[in-house]
Amino acid sequence: MTKVLGFDIGGTKIEAGLLDETGREWRTLREPTPARREDLLQTVVTMAEALGRGVAVAAVGFAIPGSLDPRTGLLRNAPNSPQINETPFGCDLRERINRPLFFDNDANCLVRSEVRFGIARGYDHVVGIIMGTGLGAGVLSGGRMIQGWRGLAPEPGHTVLHHHGRACLCGNRGCAEAYLSGTSIYARYREAGGQPLAGKAKDVFARRETNPIAGVVVEETLDLFARFTAGLIALYDPALIVLGGGVSEQVTYYRQESAIAAYAFGTDEVPPIRAAGLGPTSGKLGAAALALDGSAPVSSAGSDPSAGRF
């Protein structure tokens, strides 16, 4: 049975597993994401060595923030991971790991995982939205992932919801990410005069009924989410929408069909909105699916996978 490694490179943690084509996880590891580039690269290599010890690993997949330039291996559009943003991340790992490597955006990997192993099995038209430290989306259309000419697509988190709005880490103003990411929801609560909480979006949602400022921020957030999602429906016409990331754990997001329908173009029929069935494992499972499929914008053919070294 084919075995691969799947890595989810997050802003605060790196999760990885040794998996087979059924999605069974044979080994798993989690480490904090180092703040320095070299330390991060070494952590990935050390984890790969530990997970693959004594096993014929066929390939390694990576769910990454941003995207890799398919010509240069340069990681782009990852402001929440500054230690590797605008660095040759793909090339750096190819020099260190002696296996075929495959890379894709973490939101695309959410979709890949759910289509192969989870609740989106059997669907050919799926939009997956990740709401966490940032805001990302992956799109399956006609059974194929949409990635665009340069491997940049889709990045709806950096479409503008408010002209001259809040500053986004990407350098623009008014981006959807600057309003709908977990970091931004808490920041907006504080900017509105809210007293310090534990620093998470979930703390704002938990106080929406008892704290007037939290209530206003949550209502605005849900309205912006409805507008954002209606835009994705207009663009991609999905049969299913899957939500992932820590913010998506708020059940109220799954009760917004009527609000989304009010903004939808050409239809009042909103596709089902479901929580990612694979939960926090969706990143590494999607990376594993990527490695199993061998269908990534950037790849590197390694040597004999039975050689047993990384």
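FYI, it's all coordinate maths here, none of it is from the lab. Fair warning: this is a prediction, and the values are worked out from it, not measured in the lab. Heads up, the Cβs are rebuilt from the backbone with ideal geometry, glycines too, and the neighbour counts pull from every protein chain shown.
Give me the lysines in straight-line cross-link reach of K200: C-alpha distance below 26 Å, same-chain residues under 8 apart excluded. The reachable lysines, counting only those whose Cα sits under 26 Å from K200, are K13, K284. Modelled label positions at A275 and Q195, each set 7 Å beyond Cα in the direction of Cβ, lie 2.9 nm from each other. Across the chain, Cα pairs under 8 Å and at least six residues apart give a relative contact order of 25 percent. Ranked for footprinting exposure by Cβ neighbours inside 10 Å, fewest first, H163, H125 give H163, H125. Under the membrane-span-like helix rule (DSSP H runs whose alpha carbons stretch at least 30 Å along the helix axis, mean Kyte-Doolittle hydropathy 0.0 or higher), the chain yields 212-236. Given the choices [x] 60, 41, 38; [y] 60, 40, 33; [z] 104, 41, 33, Cα extents along the principal axes in Å derived from the coordinates of this structure is entry [y]. Taking the square roots of five times each eigenvalue of the Cα gyration tensor of segment 122-276, the equivalent ellipsoid has semi-axes of 26, 18, 14 Å, listed largest first.
For segment 13-26, 3J(HN,Hα) computed residue by residue from phi via the Karplus equation (6.51, -1.76, 1.60; θ = phi - 60°) reads 8, 10, 10, 8, x, 9, 10, 10, 6, 8, x, 5, 9, 8 Hz, glycine and proline entered as x.
Hydrodynamic analysis of segment 196-299 uses the Kirkwood radius over alpha carbon pairs. Inserted into Stokes-Einstein at 25 °C and 0.890 mPa s, it gives a translational diffusion coefficient of 156 µm²/s.
Computed from phi, the 3J(HN,Hα) profile of segment 252-258 under the Karplus parametrisation 6.51, -1.76, 1.60 (θ = phi - 60°) reads 5, 5, 8, 10, 9, 4, 5 Hz, with x in place of Gly and Pro. For T33, the residues whose amide H sits under 5 Å from its own are K13, I14, ignoring neighbours fewer than 5 places away on the same chain, with H placed 1.01 Å from N.
Modelled this way, with points 7 Å down the Cα-to-C-beta line, the labels at C91 and H125 are 4.1 nm from one another.
Here the Karplus curve 6.51 cos²θ - 1.76 cosθ + 1.60, taken at θ = phi - 60°, turns the phi angles of segment 240-251 into couplings of 8, 10, 10, 10, x, x, x, 5, 5, 6, 6, 5 Hz, with x standing for Gly and Pro. In the chain, the DSSP-assigned H stretches of four residues or longer account for a calculated mean residue ellipticity at 222 nm of -9500 deg cm²/dmol, using -39500 (n - 2.57) per stretch and the full residue count as denominator. As a proxy for reagent exposure, ranking K13, K3 by other Cβ atoms within 10 Å from fewest up yields K13, K3. Normalising the average separation of contacting C-alpha pairs (under 8 angstrom, six or more residues apart) by the number of residues puts the relative contact order of segment 15-129 at 20 percent. The eigenvalues of the Cα gyration tensor, multiplied by 5 and square-rooted, give segment 67-156 an equivalent ellipsoid with semi-axes of 24, 15, 12 Å from largest to smallest. Multiplying the residue separation of S141 and H162 by 0.36 nm and removing their Cα-Cα distance gives an extension gain of 4.8 nm.
Can you check what the Kirkwood hydrodynamic radius comes to for segment 87-205, Cα pairs only, in Å to one decimal?
Radius from the Kirkwood sum: 16.4 Å.
Say a paramagnetic label sat at a point 7 Å from the Cα of R71, along Cα to Cβ; which residues of segment 149-175 have their backbone N under 19 Å from it? Inside the label zone: 149-153. Extension gain for the segment A234 to V251, taken as residue separation times 0.36 nm less the Cα-Cα distance, is 3.7 nm to one decimal. Ratio of Rg to Rh for segment 49-102: 1.02 [Cα atoms; Kirkwood radius as inverse mean 1/r over pairs]. Residues E21, E177, arranged from fewest to most other Cβ atoms within 10 angstrom of their Cβ, appear as E21, E177.
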